[in-house]
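Just below is one structure, and these are the notes that go with it.
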Amino acid sequence: MIQTFTGTWLRVVRKAGLATVLLLTLATAPVWSIGRILYVEGDVQLLRNGRVLDQFQISPGEALQEMDVLQTGFDGYVEVELTVNGRTEVRIRENTAWYVEVVEGSGGGTEARLKLLNGSVEMAVRQVSRGSSVSVETRSAVFGVRGTEFDVLTAPDESSLLGVRSGRIAVGAMGREAIANAGVAVQVESDQAPQQVQVPDGDFDRLYSTWTEMRLQVFRSGAATFNRAYARRFEDTVGEFETARRELMRFRDRLNTALENQSSLGQDMRLRTEISPAMIRVRSILPLFEDTVYRLRELRRYHDQGIGQTNINGQTSRQFFTAFAARENQLMAQLSEVRGMLAMYAELERRSFGGLPSGPGGGSTSPFGGGSLLDSPRF
């Protein structure tokens, strides 16, 4: 069974790997390990279940869990090996934040969805399990991996750039899909279809440098507009997020106890029925709010350089970002707590055979049915 790398084998590994995951000091309850951290350098943070660890608290070889956020500062660098759905090497560059969500795919396999909140990653997909898939999502596009080596960059103006060093990638944006083959780069600007970009003399690094500088110049001209828009979106969503989070966290101890004590199927189903409304409410606001917080972190970094100064709802942008910075760590910890609950709830669903029973209208009422956590609406 292990040699076939099927989706069924992946689900068995989730159960078998619980004892290993329990050894992690940060684990709130048994949650599936999706890989391991190989190398850490410079300013790096790991966010898990409401805890924020720095580079001195992260050891090479430490397991990486579903929904863990790895984020780097101005000199940060991390290498990770993902073992979900095969084997993928990820190199995380400076000023980057990302995490992985795993969902059941069609045909009995699973889909590993890497959410690139901001920054740049280099990936080498060495092996994809049969019936499974790997994808990367930015604010402007989704990149479906076909077994390859590639780079994904994001820019402050919300555009993305894909460079395919080998293999091929499916690029989806604005309801359209294009295939990018080896030696090709594809740019996706906000609310536009993918466009192919020339790679001068096959030099991807030179293209990335030129592209990054060009997109920064574009961003400078509209930075004030971005700052005002995301500040408004933050103020419109923070209250809803805080309410949904408090409602969900009421179940944390019971969910943790159920997973640690291997409760019965009947107990699992009853607990799922109770938690499901709170989980659905969180999932309805989390993608939008998460995107807003990490976008504001990025915008604040440029604002500190004097880019995009403006007035926001009767105060200066400096006043707004000063207030945001004061609560930034708390917000990231709260987002991490919620992601931890999502990962634990997903494990509860997996071990009790998928979605909840059908309701009056038919169909599963599972919070994990339908769209992904990564399906973020735009403002």
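FYI, it's all coordinate maths here, none of it is from the lab. In this text, all values refer to a predicted model and were calculated from it rather than measured experimentally. As a convention, Cβ positions derive from the backbone with ideal geometry for all residues, glycine included, and neighbour counts pool all protein chains shown.
Using Cα-Cα distances under 8 Å and only pairs 6 or more residues apart, what relative contact order does region 45-136 have, in percent?
24
Count charges around Gly239 for me, please; just the other residues with Cβ under 12 Å from its Cβ, Lys/Arg as +1, Asp/Glu as -1.
Charge balance in the 12 Å sphere: -2.
Expressed as a rounded percentage, what relative contact order does region 139-292 have, with Cα pairs under 8 Å and six or more residues apart?
Relative contact order here is 16 percent.
For region 201-301, state the average projected area of the convex hull of the C-alpha atoms over all orientations, rounded to one decimal in nm².
For region 201-301, averaging the hull's shadow over all directions gives 10.7 nm².
Looking only at region 100-248, where both bridge partners belong to it, what percent of the DSSP beta bridges are antiparallel (to the nearest 5)?
The antiparallel fraction comes to roughly 90 percent.
Around Asn118, with a cut-off of 9 angstrom between Cβ atoms, what is the net charge of the other residues, counting Lys and Arg +1 and Asp and Glu -1?
In short, +2.
Can you give the FRET efficiency to the nearest 0.05 for Thr210 and Asp236, using r as the Cβ-Cβ distance and R₀ = 25 Å?
So the FRET efficiency works out to roughly 0.10.
Rounded, prolate or oblate for region 65-159? Axes are the square roots of the Cα gyration tensor eigenvalues, ordered a ≥ b ≥ c, and the cut-off for rounded is a/c under 1.5.
Cα axes put region 65-159 in the prolate bin.
Can you tell me the relative contact order of region 105-184? Whole percent, Cα pairs under 8 Å, sequence separation 6 or more.
Relative contact order, region 105-184: 25 percent.
Hey, how many Å between the Cα centroid of region 182-245 and the Cα centroid of region 111-154?
Going from one Cα centre to the other spans 17 Å.
Show the residues, 5+ positions off or on another chain, whose built amide H is closer than 5 Å to the amide H of Gly76.
Asp43, Asn95
What FRET efficiency would be calculated for the residue pair Glu177, Arg318, taking the C-beta separation as r and a Förster radius of 45 Å, to the nearest 0.05?
Given R0 = 45 Å and the Cβ-Cβ separation, E is 0.60.
Per residue of region 320-330, what does 6.51 cos²θ - 1.76 cosθ + 1.60 with θ = phi - 60° give for ³J(HN,Hα)? Whole Hz please, x for Gly and Pro, Karplus curve as stated.
The phi angles translate into 4, 5, 5, 5, 5, 4, 5, 10, 4, 5, 5 Hz.
Rounded, prolate or oblate: pick one for region 171-233, where a ≥ b ≥ c are the square roots of the eigenvalues of its C-alpha gyration tensor, a/c under 1.5 means rounded, and failing that, prolate if a/b is larger than b/c, else oblate.
oblate
Take Gln267 and Arg130, extend 7 Å from each Cα along the Cα→Cβ direction, and tell me the distance between the two endpoints in nm.
About 3.8 nm separates the two model spin labels.
Quick one: check the C-alpha center-to-center distance for region 50-95 versus region 254-303, whole angstrom.
Each part's Cα centre sits 21 Å from the other's.
What is the sum of charges around Gln334, taking Lys and Arg as +1, Asp and Glu as -1, for the other residues whose C-beta is under 12 Å from the C-beta of Gln334?
It works out to a net charge of +1.
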